[in-house]
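Structure, as structure tokens:
The values are calculated or read from the model by the stated rules, or taken from the named source; none is laboratory data. The structure presented is a predicted model; accordingly, all values stated were derived computationally and were not measured. Every residue, glycine among them, receives a Cβ derived from its backbone with ideal geometry; neighbour counts consider all protein chains shown. The area values use the complete protein model at the heavy-atom level, side chains included, leaving out ligands, DNA and RNA. Shrake-Rupley method; radii C 1.70, N 1.55, O 1.52, S 1.80 Å.
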Amino acid sequence: MLCVVTCLASTTASAQAASTERIELSGGLRWNGPVTIADAAATENAPSGSTRPLFSTTTTLARSWLASAIIGVRLSRVLRAEFSAAYGTATMSSRITADAEQIADTTVRSPLTQITAEAGIQVQLPSWKRHTWKPFTSAGVGYLRHMYAGRTLIESGHDFYAGGGLYYERTPTRPKRLKASGLRLDLRGYLLRGGVLRGTDHRFAPAVLATAFARF
Amino acid sequence: MGRALHVAVAVALLVSCSRPASAYLKFGYEVNGTQRTLKWTTTPVRYYVTAAAVDGVSATQFQATIGKAFDAWAAVPTSSVAYQFMSFTSNLPGEDDGRTTLGFVHEPALDRVLASTSYLIDDVTGDLIEADIFFNSVFAWSVADAGDRTRWDLQSIATHEIGHLSGLGHSDIGETEQTATGRRVLSTGAVMFPIALGLGDISGRTLEADDIAGISDLYPDGTFNRSTGSLSGHVTKSGRGVYGAHIVAFDTRSGAMVGNFSLSSSGQFSIAGLRPGPYIVRVEPLDDADTESFFDITDPTDINFRAAYFGRLVVVPRGGDSGNVEVKVVAK
């Protein structure tokens, strides 16, 4: 009986010493890779049922930087729920080529603002280097909004992401409210739908997040 | 009914400049000092068909094919226009009988005119009384589903003329080249382009974005103005407005093209009925058809400039206008 009580007491003490942080706050930058929005040609009907292009276009959303913030809530030792938001500007550009009346190739542009709000799950993977480096995987879904210059038009859509990353984590010698802090790097693949893509088009885009975090 | 004003498409029509905020190339006319847009004030538009056959087309086939052409316009979801076949008649198109009549007429003197639309307007009230379409039986016609390479497709030509019957003018979305014997059509991007593609072509049976925007602008349904937007501005050359420039708004995501013209001495233009989103704006001179196919012969149309693109993407909002777009062109 005494041995059992002692063993139980040891287990409880061990649990209290590990992973007491509940909330993680991260802030930093997110880099979105370029996205091809559409390849469209201005075509007209030609004799015998064929078509004739007047000119061709390729429209893209250029790579961009956004300010990013993440709130994580610990669900278990390896599982964390995450809520993130990002805000930034980007440029939509259309490259016009092969004009039938020999107008020189040209590129026309328009700026827009991007906003995303996402929810996802993060799964901690076994750490290494004395718990300093902690890899993880993550996945989630979000809402995205593209606002053209002057808020003339707002288009909304959704995104789905999956990826992973790495924490570089430092624990205070005498942790009080701050349980851990450090740097976080996320590599994500996004599937975008709607927004500037309009309709049911899907596009893939890479993203990299570099943030500083603190856990409480 | 007051004295009737008989107006033919090819002759005395003026381009309407009375509604620049939402202008599309519509027909306009002046009655008692007031500029009016040519359109039907009540629908369905009731029409009659001349009970006459030509080689290859019976009267019944003619009526059925005409019906398909009317259906194409009536099926535009953003337009409220409707048409109703009343009956066969022994009257010919062009007779001032108060009835809109379509039929074949033998016109050997008009050997370059496949078909034509004429209007009868009450010059006291300004109301449109009737609009007749004749199809020139000098030419060989076909109603074959897949077309006939040796004959003109009746449904395609009828679809174009019914656009006129409904109040639409010509579109300049198309390309031609001048040859020793006249103009040769290279391509068309709208049913309302003034020159037919050629024998056997059936592409004219299908409305393009430009046609759809035009009929919707004339006869909008309840959602049209709320769900679409417009793109407007000026075309200038050396600081002065250009009259008669052709402006095309190209939807970068769908590839749809909708066009209009600068219809004032300041070079002002407006293209309505556009799906919200970013557009490329292209400006070109009116050199793919005779200017008389679009404007009155006395209008000061300027074709001495090079085609050009506007230097940025223009965003068309939902239920609103893009704001002034000034496209600067240079002389050839």
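Which one of A:G189, A:G195 is within 14 Å of another protein chain (Cβ to nearest Cβ) and of a type in the set (G, A, S)?
After ruling out the rest, the residue left standing is A:G195.
Tally time: how many residues in region A:51-101 are within 14 Å of chain B (Cβ to nearest Cβ) and closer than 21 Å to A:A162 by Cβ?
Initially, region A:51-101 is screened for residues within 14 Å of chain B (Cβ to nearest Cβ), giving A:51-62, A:90-101.
Pick out the ones that are also closer than 21 Å to A:A162 by Cβ and you get A:61.
Count: 1.
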Next on the checklist: Can you report the number of residues in region A:39-79 which are within 24 Å of B:V185 (Cα to Cα), outside any loop (DSSP other than H, G, I, E, B) and small (G, A, S)?
Outcome noted: 6
Checklist outcome for this item: Within region B:98-117, residues farther than 22 Å from B:T60 by Cβ and open to solvent by 20 Å² or more (accessible area, probe 1.4 Å) come out as B:G98, B:E107, B:P108, B:A109, B:L110, B:D111, B:R112, B:V113, B:S116
Checklist outcome for this item: Picked from region A:29-73 (must be surrounded by 17 or more Cβ atoms within 10 Å (Cβ to Cβ) and β-branched (V, I, T)), the residue nearest to the chain's Cα centre (by Cα) is A:I70
Item to check | Residues of region A:19-50 that turn out to be in contact with a strand residue (DSSP E or B) (Cβ under 6 Å, 6 or more places away or on another chain) and at the interface with chain B (Cβ under 10 Å from one of its Cβ atoms), as a count | outcome: 10
Item to check | Residue in region B:175-191 that is farthest from the other protein chains (Cβ to nearest Cβ), counting only those that are free of Cβ contacts under 8 Å to residues at least 40 places away in the same chain and open to solvent by less than 30 Å² (accessible area, probe 1.4 Å) | outcome: B:G182
Item to check | When residues of region B:199-222 are limited to those that are among the hydrophobic types (A, V, I, L, M, F, W, C) and within 13 Å of another protein chain (Cβ to nearest Cβ), the one nearest to B:W141 (Cα to Cα) | outcome: B:L199
Item to check | Residues located in region B:148-174, provided they are within 11 Å of chain A (Cβ to nearest Cβ) and either surrounded by fewer than 21 Cβ atoms within 10 Å (Cβ to Cβ) or without any contact (Cβ under 8 Å) to a residue 12 or more places away in the chain (or both) | outcome: B:R149
Checklist entry - Restricting attention to region B:65-78, does a residue exist that is open to solvent by 50 Å² or more (accessible area, probe 1.4 Å), at pLDDT below 95 and among the basic types (K, R)? => result no
Item to check | Matching residues, region B:182-205, being under 13 Å from B:A146 (Cα atoms) and not charged (D, E, K, R) | outcome: B:L199, B:G200, B:I202, B:S203, B:G204
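Take the residues of region A:102-137 that are part of a loop (DSSP other than H, G, I, E, B) and surrounded by 15 or more Cβ atoms within 10 Å (Cβ to Cβ): which is nearest to the other protein chains (Cβ to nearest Cβ)?
A:I103
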